[in-house]
1. Just to be sure I understand, how many residues within the range 34-56 are surrounded by fewer than 16 Cβ atoms within 10 Å (Cβ to Cβ) and over 23 Å from the mean Cα position of the chain (by Cα)?
2. Among the residues of the range 308-329, write down those that are part of a helix (DSSP H, G or I) and of a type in the set (D, E, K, R).
3. State all residues of the range 195-220 that are of a type in the set (Asp, Glu) and out of contact with any strand residue (DSSP E or B) (no Cβ under 8 Å at 6 or more places or on another chain); if no residue qualifies, say none.
4. Please list, ordered by residue number, the helices (runs of 4 or more DSSP H) wholly in the range 1-108 having 3 or more residues that are among the β-branched types (Val, Ile, Thr).
5. Of the residues 78, 63, 119, which is crowded, with 20+ Cβ neighbours inside 10 Å and at pLDDT below 85?
6. Going residue by residue through the range 197-219, is there one that turns out to be crowded, with 16+ Cβ neighbours inside 10 Å, of a type in the set (Lys, Arg), within 17 Å of the chain's Cα centre (by Cα) and in a helix (DSSP H, G or I)?
7. If only one of 151, 171 is within 16 Å of residue 224 (Cα to Cα), at pLDDT below 85 and in a helix (DSSP H, G or I), which one is it?
8. What's the total number of residues in the range 248-271 that are surrounded by fewer than 19 Cβ atoms within 10 Å (Cβ to Cβ) and in contact with a Leu (Cβ under 6 Å, 6 or more places away or on another chain)?
Amino acid sequence: MPLAAKYRMVPVVDLCFDEENPRLGGGGKDKSQEEIRQYLEGPPHYALELVGSIAENGFLPYEPLIVRKRGNKFFVIEGNRRLAAVQAILSDQTGKYDATVTDRLAKIPVLVFAGASAEGPTEDVLRYLGVKHLFGFRDWPPISKAMFLDQRVKSKRDLTQVLRELNISKQEVGRYLIPYRLTKVAKKAFKGVNTEDFWSLAESFGRKKIRAYIQLDVDRRTMKIKGFDQGKLRHLAMFLYGKRRRVNDTRELTALSNVLGSPAAAAQLERGASLDEASLYVESKGETVVRLQRQLEKIFEKIKTLSPGKEESARILGVIEEFSRRLRK
């Protein structure tokens, strides 16, 4: 736990969300306090899940919010979900919570760090947040982790320090930091698409063929983006998020990687083909025909094992004859 902190009870009306807080993953930008609260209530934060426990048990004194003071207000560095839950209880207009619940939540415990000024949290506080939330016992959403790392890692020295503090690998840091930084420097490529599902992009970058497709060049010492193909990245953004979305589940990223690893298959996908259709072009035409032929043979063997009756056999033969007719055209 960082030092030089003062424990005190603060009125909830004096507590504010910080739009720059990494917990918000960029979702607090240009939002009012009420809008930030509503944002935290929904996915991926689900602050309302905490309401029941807080209403029943009160605010635990040994888990204070971590705040920085700015004027007469206190801006939350850590504990945004809990603050959103408390505010939801206190602002309830249905009469669901009686005075015994609301009165004990009028003030809640905070730790005010002396060095956590209006300019931002101290190094000690940032280190604490990283250990607790980045890969610790309280997990942040992936976009929040990426945003936090972007704030922490500005140089080779910073990267070395973060790796040591959090006891994580450079590969793990890059898994979050590289796709996040790419979305920042390549805003044109992501224009008009919803990238809230940040993890799809992060997971896609774990595939070598996808990185090669967009010609991604990264300085591994600092995790800074050195170069990429704007057009190819735009295609990737559309495949993952846009109207021409091809991936609806991270399990489909392997298929996407195989397609983008083949110039012929990638070209088909860019022209509007589905992922399955483009997959036919990953191999040469001859290889694909042989593979499909083997699949047909296996299907016929399964049908034979079922010992179909006369009517069923007639229908199957009709399908085969129609297929043969089309093949000869």
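The values are calculated or read from the model by the stated rules, or taken from the named source; none is laboratory data. Since the model is a prediction, treat every value here as computed from it, not as a measurement. Cβ coordinates were reconstructed from backbone atoms using ideal geometry, including for glycine residues, and neighbour counts include every protein chain displayed.
1. Residues flagged as surrounded by fewer than 16 Cβ atoms within 10 Å (Cβ to Cβ) and over 23 Å from the mean Cα position of the chain (by Cα) within the range 34-56 amount to 4.
2. Applying the first criterion (part of a helix (DSSP H, G or I)) to the range 308-329 yields 310-328.
Within the range 308-329, 310, 311, 312, 315, 321, 322, 325, 326, 328 qualify.
3. Taking the range 195-220 and keeping what is of a type in the set (Asp, Glu), we get 196-197, 203, 217, 219.
If the condition is that a residue be of a type in the set (Asp, Glu) and out of contact with any strand residue (DSSP E or B) (no Cβ under 8 Å at 6 or more places or on another chain), then 196, 197, 203 are the ones that fit.
4. Working: elements: 33-41, 51-57, 80-90, 99-103.
Per the criteria, 99-103.
5. Values: 63 fails: crowded, with 20+ Cβ neighbours inside 10 Å; 119 fails: crowded, with 20+ Cβ neighbours inside 10 Å.
Result: 78 is the single residue among 78, 63, 119 that is crowded, with 20+ Cβ neighbours inside 10 Å and at pLDDT below 85.
6. no
7. Values: 171 fails: at pLDDT below 85.
Of the residues listed, the single one that is within 16 Å of residue 224 (Cα to Cα), at pLDDT below 85 and in a helix (DSSP H, G or I) is 151.
8. Counting residues in the range 248-271 that are surrounded by fewer than 19 Cβ atoms within 10 Å (Cβ to Cβ) and in contact with a Leu (Cβ under 6 Å, 6 or more places away or on another chain) gives 1.
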